[in-house]
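Read the figures in this text as sums done on the coordinates, not as results from a lab. Quick caveat, the model's predicted, so the values are computed rather than measured.
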Amino acid sequence: MTDIFVLNEAQLRGCVTLNLAAVEVVEDAFRALASGKVVMPPILSMDLPAVHGEVDVKTAWIPGFDGFAIKVSPGFFDNPKIGLPSLNGLMILFSARTGLVEALLLDNGYLTDVRTAAAGAVAARHLAPATVTTAGVLGGGVQARLQIEAAHLVRPFNRVLVWARRDDAAAACAADISARLGIEAVTATAEAVVRESQLVITTTPAREPILKTDWLHPGMHITAMGSDQAGKCEIDPAAIDRADLYVCDRLSQAAMLGELRAARAAGVLVGSDPPELGAVVAGNAPGRRHASDITICDLTGTGAQDTAIATFALRAARAAGAGTVIQS
């Protein structure tokens, strides 16, 4: 008989928050990826156009971590029409030593939200300018809010510009950011967001570029995290060509799912192997070299991040005495 912790979303929200500790554990996962010792298979991804949905399955085994997670993440985007959330899912955490199930984390995508935002903070920490006064976000959803919150942990700024396709969504997002961080947050055009910000985050499911090359300026950093399926594209490929440094979270994934896929299709970075974020974190590849550099980080989401946040969540839950224990 073995104990299995079962935690629901409310319990996980009570013991896991987006803070520097969460950023550090995700950063450790990126550092481990650079070692070449992480076992991380390709994403199992299903596109389900008949029901306007998609399902991703991600996992990774990381040396030194107590467990490894397998995450199932469905997104069914017509659900709001019938009063249901678009995103849900769960993580199963196994012992890295024995393979036995240790926890069922019924998070409905919450832990994915946290680890995705934490990855954005890692990118900002290693690639953004040392001083950021204005940050901008393209998108008005949950991740837009969390990415700004995470970036603020590592590059504190005092002003945020928000653009979304719907004006009301942008206004609501700006109001939430202002209330959460206690700083100025206002809506702006997409062009103004990019031109006036030193740090820009794109968080949309766009299939045509929403960030134009002409808007780039010296000394800025862009984290693009919306492109995680073939066909998605937020950044003009010419912008990637103009950047002084392009970095991705996993080269093999970015070439299939991320901005790199669209860039190569347009003739940019063909035949080259850009550095991965883990290599920059580990000091094996250079990050920002000059204050005037334009840098871009392409985040597609990795199984290593899921294992990192799942093991972190279980430790936090045990410390808090949260969850229900069942026996198998």
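Express as a percent, rounded to the nearest 5, the fraction of DSSP beta bridges in the chain (both residues included) that run antiparallel.
On the way: 29 of 60 bridges.
Around 50 percent antiparallel, to the nearest 5.
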Worksheet item: [x] 44, 25, 16; [y] 30, 25, 19; [z] 31, 22, 20: which one is semi-axes √(5λ) of the Cα gyration tensor in Å as calculated from this entry?
Response: [z]
Worksheet item: Residue-wise, which Karplus ³J(HN,Hα) couplings in Hz belong to segment 239-250, taking 6.51 cos²θ - 1.76 cosθ + 1.60, θ = phi - 60°, and x for glycine or proline?
Response: 5, 5, 5, 6, 4, 6, 8, 10, 10, 10, 7, 8
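Kirkwood hydrodynamic radius (Cα pairs, Å) of segment 1-156?
Working: mean 1/r = 0.0581 Å⁻¹.
About 17.2 Å for segment 1-156.
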Worksheet item: For helix 20-33, what angle does its Cα long axis make with the longest principal axis of the chain, in degrees from 0 to 90 and rounded to 10?
Response: 90
Worksheet item: Using Cα-only point scatterers and the Debye equation, what is log10 of I(q)/I(0) for segment 1-52 at each q in 0.17, 0.19, 0.20, 0.26 Å⁻¹, rounded to two decimals?
Response: -0.98, -1.00, -0.98, -0.93
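Mean 1/r over all different Cα pairs, inverted: what Kirkwood radius does segment 270-327 give, in Å? List each step's numbers first, then the result.
On the way: mean 1/r = 0.0663 Å⁻¹.
That comes to 15.1 Å for segment 270-327.
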Practice prompt. Work out how much length Arg165 to Arg13 would gain on full extension: take 0.36 nm times their residue separation and subtract the Cα-Cα distance, in nm to one decimal.
Written response: 51.8 nm
Response to the item:
Once amide hydrogens are built 1.01 Å from N within the peptide plane, the residues lying 5 or more places from Gly136 or on another chain with amide H under 5 Å from its amide H are Leu161, Leu199, Val200, Ile201
Worksheet item: To the nearest 10 degrees, how steep is helix 142-154 against the longest Cα principal axis of the chain, on a 0 to 90 scale?
Response: 80
Worksheet item: Using Cα atoms only, what is the angle between the long axis of helix 110-127 and the major principal axis of the chain, expressed in degrees (0 to 90) to the nearest 10?
Response: 40
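For segment 110-264, what does the alpha-carbon gyration tensor say about shape, rounded, prolate or oblate, given a ≥ b ≥ c as the root eigenvalues, a/c under 1.5 as rounded, and a/b over b/c as prolate? Provide the component values of the computation, followed by the final result.
On the way: a/c = 1.39, a/b = 1.37, b/c = 1.02.
The shape class here is rounded.
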Worksheet item: Can you list the residues, at least 5 places off or on another chain, whose amide H is less than 5 Å from the amide H of Asp107, using H built in the peptide plane?
Response: Met91
Discussion item. Treating only the Cα positions of segment 197-277 as identical point scatterers, give the base-10 log of I(q)/I(0) from the Debye formula at each q in 0.21, 0.22, 0.26 Å⁻¹.
Written reply: -0.94, -1.04, -1.50
